[in-house]
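Below is one structure, written out as structure tokens; the observations come after it.
Every number here is computed from the coordinates shown, using simple stated rules; none is lab data. Just so it is clear, the model here is predicted, and its values are computed rather than measured. Heads up, the Cβs are rebuilt from the backbone with ideal geometry, glycines too, and the neighbour counts pull from every protein chain shown.
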Ligand SMILES: [Zn+2]
């Protein structure tokens, strides 16, 4: 390998070697190192040597000195004879490489004239581990700092969020948040509109002119309200990216703490409900038109014959005289079966009205029962995943044993060790993935328990249920909430399948 990009004339190197029981071997190592340094017009300014036999000992003086000298910039590169000589314990290998890499100090192997690089997968695994450790530390620290802040009743977040003012009665007093009534009315309106499935821009357009502390509303200002758990009485830090404009970090990076200093205006469950709406929209599971389409049955209609989905299509055309031809239809994507949309809507509404006879209690029970079933299914999934997790954990333990054994062998087989290390990394990845999925499922359960099963929120969803006349959008929201699917046979007859099991179900 051409090292001229790494080694430039005049650079200072340190030779790190391990004493071998054979004096001659040591000489070979040293000569090889000096020759290479000379080839690139570099000088070796120091030699750090460790006892070869005791390399397994934790307190190897040379190894520690090497790292200490690196930090005090006593050399520009490290030269070793062969990486098998630098350390016998994989963690040491990686630690040296990691530290030198971070300090920008190349390690050169004189035997092969190669860079002893960090390309190995195991290196990356450890680096990720270190990064994660750092992150956890930050998290831990901020959590601690915040608890102190909250305990001391102090607010360091700058201006209070829209709807609140922060007041200190006197110097040294623990301040508190008070509701700014006029602003808070607007906040409530924002949440109300959002729960009714309106988007940020729509909401911004429907707020009074210049009512955001004298400024115009925009979608960012609406987003700031919807995505801030402050309104449910929680302080959240590390919520936003400092550098990206109004962009939020992953929820698992936030530190959220309930604060007795904030009078909440909605329950945390309600806020979680809005957050879930936001996430769903973000992931584009719901298109902006999902609730707004004039085709009431979009994404619900299925063809009984071929099981295809029907999509709405406006086939109306206007003649020059203004006369309208054609109609709005649903067409089966698979078999082209056509259904008159206006007629289908009328039928669906008629069927819907028959459900209005069911009383609220029964309806809510049905809905909660459905949620409970969903929870049971997810709990089953988690159990299955835990079985897999256990199996992978056992494999990992075996792998660790093998690695340990391989290192204890008198003739160290590097290939063997490497294979085990790679296997170990794969297993760890696998295990972490399973853990992440389990975590996700658990929070899904939490969401179902606290939000979807929540009686008050269900009543909110159903608040239009018993009305006599509906706006198109209200009806659409109710339909999506109540119906799992609506099938149509080749005669055009509709059959509605409810998402919930109601007694007297038809
Ligand atoms: Zn069909």
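The table below lists the values:
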item: Proxy reagent accessibility, fewest Cβ within 10 Å first, across 499, 239; result: 499, 239
item: Residue 499-residue 422 FRET efficiency (beta carbon distance; Förster radius 51 Å; 0.05 resolution); result: 0.60
item: Size-normalised alpha-carbon gyration radius of the range 349-443, reference 2.2 N^0.38 Å; result: 2.00
item: Overall Cα dimensions of the range 408-502 - principal axes, largest extent first, Å; result: 86, 40, 24
item: Residues 258, 444 arranged by fewest to most Cβ contacts within 10 Å; result: 258, 444
item: FRET efficiency, 1/(1 + (r/R0)^6) with R0 35 Å, evaluated for residue 386 and residue 455 via beta carbons; result: 0.65
